[in-house]
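Just so you know, all these numbers are worked out from the coordinates, no wet-lab data involved. What you see is a predicted model; the values in this text were computed from it and never measured.
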Amino acid sequence: MRHTVRVLPLSYIFHSQIFLGPIVRIAPNLLSFSDPVLLPEVYHGRANKSTFYSSWLFGNVSSMFLTLGHDEHAAKSKIVSPCVSLQLTCRLLAIKLLSDLANSAR
């Protein structure tokens with residue numbers, strides 16, 4: 001399989017930022033920033049999801065794992081996280097391995 005990547009020249013990106021502003025989308029999943037101070041404005045942990053994700057909601061009720069607002073998501077995540085923590089998963093895996101070992105010894 002062959003992949004072709006179209007690389008935009010830096011001069012094109014530079015001129016685009018002069019005319020379009022300090023943040024320019026140069027690919028569907030790639031933004032170019034001329035000012036690093038703006039990075040936290042776009043990429044931060046307390047962001048709310050866009051309305052794009054609301055198409056997955058059924059009615060006005062959001063599920064446990066699909067919430068648009070950060071605060072609501074954080075509250076729901078706080079409830080679920082102890083049940084799916086790495087520490088608990090490792091403990092349960094150790095119990096399962098010991099149980100399998102004991103059953104195979106019989």
Original post:
Can you list the HN-Hα couplings for the stretch 27-34, worked out from phi with the Karplus curve (6.51, -1.76, 1.60; θ = phi - 60°), rounded to whole Hz and with x for Gly and Pro?
Top reply: 7, x, 10, 9, 10, 10, 10, 8
Original post:
Using the Karplus equation 6.51 cos²θ - 1.76 cosθ + 1.60 (θ = phi - 60°), what ³J(HN,Hα) coupling, rounded to whole Hz, does each residue of the stretch 78-95 give in order, writing x for Gly and Pro?
Top reply: 4, 6, 7, 4, x, 7, 10, 6, 4, 4, 5, 4, 5, 4, 5, 5, 5, 4
Subject >> Nonlocal amide H pairs with S32, under 5 Å, H built at 1.01 Å >> reply: V24, R25, I26
